[in-house]
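*Asks:* Before we start, here is the structure in question, set down as structure tokens.
The values are calculated or read from the model by the stated rules, or taken from the named source; none is laboratory data. In this text the structure is predicted, and so the values were computed from the model without any measurement. So basically every Cβ, Gly included, is an ideal-geometry build from the backbone, and we count neighbours across all protein chains shown. To get the accessible areas, we keep the full protein, side chains included, count just its heavy atoms, and leave off ligands, DNA and RNA. Shrake-Rupley method; radii C 1.70, N 1.55, O 1.52, S 1.80 Å.
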Amino acid sequence: MSLIAKSWLCASCRRKTSIPLAARSRYSYSYSTASRHDRPLRMAVVGSGPAGFYTAYRVMSKVPKTKVDMFEALPVPYGLVRFGVAPDHPEVKNCQEKFEEVASSPDFTFIGNVSIGNTGGHFHGCTIPLASVLHHYDAIVFAYGASKDKKLGIPGESELRDIYSAREFVGWYNGLPEYADLAPDLTKGDEAVIIGQGNVALDVARMLLENVDVLRKSDITEAAIETLLKSRIKRVHIVGRRGPMQAAFTIKEVRELMKLHGVGFHDIDMSLVPDEISKLPRARRRLMEIMVKGSTAKVDDASKSWSLDFCLSPTEFLGRQNGSLERTVFERTVLSSPFDPFTSVTGTAEKLTIPSSVAFRSIGYKSVALPGFNEAGISFNDRKGIIDNDGMGRALRLSKDENNTEQGSHLPGVYCAGWVKRGPTGVIASTMEDAFSTGDAIASDWNSEAPFIKGESSSGWEALRAGVEHGKCKVIKWEDWQKIDKAEKDRGLLVGKEREKFTSTKEMLAAAT
């Protein structure tokens, strides 16, 4: 079994690197008998998005003097608030004000450009092994979100160009360094296909159809503006396997598309709409009314148009001889009960081909386990893409009893929040509620003297920083982020927008000096 990289460990941890992690896991989670009132709770949070910040806020408000160290792989905080929220939805980013309030506490430390367990997918970053972190905290909260996307697994998906995941595209126009060089080509034709009918799919469609002059005023990157200016896309298909009664998007997103200036909406299949919409539950009734009413602009008079294409399941991507996408093939599906939100779907073997010079799959994000989980005894469900937990955020260690029945026991001091806890669903408000439940569990466990991690010390970042700062990478503190923030806003002023984001970690680090 491989051992911890010594260059990133404090002296006390370094003395133990000759012992495999698995052999030390029982030690790491043993019970501490010291009174909880003798010292503050020391908590590490992995991830600086809404789940991480809201969990930190909840615990700090419920357990006095709690000290929180928040680790972020990128030099900048806020996760999906910065890189996932649509640029024309600035009001959704107002939660940053609460996060800034949390970060202003003397008991909070932001540790940017430092990933736990892996390289974080960026250059110039620091890495600390998970085992080393566990040695110096009472508790650790995993709130690092979902860094991968689900695939369709159909012919042509991996071989042809011009097929992107929605996560890649959204990250690209929002300035995520990982996708700064994505360079989607929107000039090869006038039809685009988006597979999936969630809110992210509708965000992608809106970016393709919106007037670029409207987007200029947002914090979308200038590179994205230049690409969208050259776009030839005039027709967007948003395709789903089920019908309108099962659609995952929400009222706000579909209403915005309906109101786009000069963009028409193709009528939906009325056979999939109940005769008496007025009798539906309020939220679903309003959604159906919007879809039936359609867009402000008429398709025949509009310069661009879009449709919600229901009951179609993708089977194959077809390309040109040069390897670029040309068409997407779908199988028609039938619903056992079209008006039942949970109806089953069956394929008919009837095929439909839609011309498509570009395609986006938007069928969900997926979290992955961090290196070191197995050695630390943290159980990760690869199929669901979540850390096994009790629903309140307490991470579980799974084992089998004498009857070969799988059972879970709480791993003391180990918690999770957000998408890595419940899966990639919901909006920021639901993430807040989820994070609060994890925070409540941590507070309850601490105040009731439940077992927590017992490592070498509860010194937290103070014990780790010497080993990290000894390397060549730069650690970003909150005041460093504030320099980056100011530099981006100054860049934005030059082009008449709130901010112009840096799209590489190298630029971010330079701005922090």
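*Asks:* Compute the Cα gyration tensor for the stretch 327-391, then decide on rounded, prolate or oblate, letting a ≥ b ≥ c be the square roots of its eigenvalues: rounded whenever a/c is under 1.5, prolate when a/b is larger than b/c in the other cases, and oblate in all that remain.
*Replies:* oblate
*Asks:* Would you kindly compute the Cα radius of gyration of the stretch 82-209 and its largest Cα-Cα separation (Dmax), both in Å?
*Replies:* 18.5, 56
*Asks:* Next question, about the same structure. Report the calculated FRET efficiency for ALA248 and ARG39 (r = Cβ-Cβ distance, R0 = 51 Å), to the nearest 0.05. Could the numbers behind the result be given before it?
*Replies:* Working: r = 46 Å, r/R0 = 0.90.
Efficiency at R0 = 51 Å is approximately 0.65.
*Asks:* To continue, here is another question. To make sure I understand the rule: partners must be lysines, Cα under 25 Å from the Cα of LYS151, and not fewer than 8 residues away in the same chain. Which ones qualify?
*Replies:* Counting by Cα, and skipping residues close in sequence, LYS151 has these lysines nearby: LYS188, LYS351, LYS366, LYS384, LYS421.
*Asks:* Note down the accessible area of LEU229, probe 1.4 Å, to the nearest 10 Å².
*Replies:* 90 Å²
*Asks:* If R₀ is 60 angstrom, what is the calculated FRET efficiency for the pair ARG286 and GLU449, using the beta carbon separation as r and rounding to 0.05?
*Replies:* 0.75
*Asks:* Estimate the FRET efficiency between THR348 and TRP478 by the formula 1/(1 + (r/R0)^6), using the beta-carbon distance for r and 41 Å for R0, to the nearest 0.05. Don't skip to the answer; put the middle values down first.
*Replies:* Working: r = 57 Å, r/R0 = 1.38.
So, using R0 = 41 Å, E works out to roughly 0.15.
*Asks:* Check which residues have an amide H placed less than 5 Å from LYS454's amide H, if you skip close sequence neighbours.
*Replies:* Distant-sequence amide H within range of LYS454: TYR29, SER30.
*Asks:* Starting from the Kirkwood radius over alpha-carbon pairs of the stretch 150-280, derive D by Stokes-Einstein at 4 °C in a medium of 1.567 mPa s and give it in µm² s⁻¹.
*Replies:* On the way: Rh = 16.3 Å.
In µm²/s, the coefficient rounds to 80.
*Asks:* Roll a 1.4 Å probe over the protein heavy atoms and report the accessible area of ILE268 in Å², nearest 10.
*Replies:* Estimated to the nearest 10 Å², ILE268 gives 10 Å².
*Asks:* What dipole magnitude, in Debye to the nearest 20, does the chain give about its Cα centre under +1 on Lys/Arg Cβ and -1 on Asp/Glu Cβ?
*Replies:* Numbers: 68 positive and 64 negative charges, 145 e Å.
Value, rounded to 20: 700 debye.
*Asks:* Of the cross-linked pairs LYS93/LYS150; LYS217/LYS486; LYS304/LYS506; LYS98/LYS483; LYS62/LYS474, which ones have a Cα-Cα span greater than 28 Å in the structure shown?
*Replies:* LYS304/LYS506; LYS62/LYS474
*Asks:* Obtain the radius of gyration and the Kirkwood radius of the stretch 180-241 from its C-alpha atoms and give Rg over Rh. Could the numbers behind the result be given before it?
*Replies:* Numbers: Rg = 11.8 Å, Rh = 12.3 Å.
Radius of gyration over Kirkwood radius for the stretch 180-241 works out to 0.96.
*Asks:* Let me ask something else about it. Please report, in debye to the nearest 20, how large the charge dipole of the stretch 77-161 is about its Cα centre when each Lys and Arg carries +1 at its beta carbon and each Asp and Glu carries -1 there.
*Replies:* Computed about the Cα centre, the dipole is about 340 debye.
*Asks:* Can I ask one more? Ignoring everything but the protein chains, give the 1.4 Å probe accessible area of LYS279 in square angstrom, nearest 10.
*Replies:* Surface accessible to solvent at LYS279 totals approximately 150 Å².
*Asks:* Explain nothing, just the number: dipole magnitude of the stretch 411-457 about its Cα centre with +1 on each Lys and Arg Cβ and -1 on each Asp and Glu Cβ, in debye rounded to the nearest 20.
*Replies:* 160 debye
*Asks:* Another question about this same structure. Please compute the per residue accessible area over the chain with all protein chains in place, 1.4 Å probe, rounded to a whole number of Å².
*Replies:* 44 Å²
*Asks:* Using only the Cα atoms, what convex hull volume per residue in Å³ does the chain have?
*Replies:* Expressed per residue, the convex hull around the Cα atoms of the chain is 177 Å³.
*Asks:* Give me the percent of accessible area attributable to carbon and sulfur for the chain, probe 1.4 angstrom.
*Replies:* Within the chain, the accessible surface is 50 percent carbon and sulfur.
*Asks:* Would you kindly derive the ³J(HN,Hα) couplings of the stretch 160-169 from the backbone phi angles with the Karplus curve 6.51 cos²θ - 1.76 cosθ + 1.60 (θ = phi - 60°), listing them in order in whole Hz, with x for Gly and Pro?
*Replies:* 8, 7, 6, 10, 10, 7, 4, 4, 4, 5
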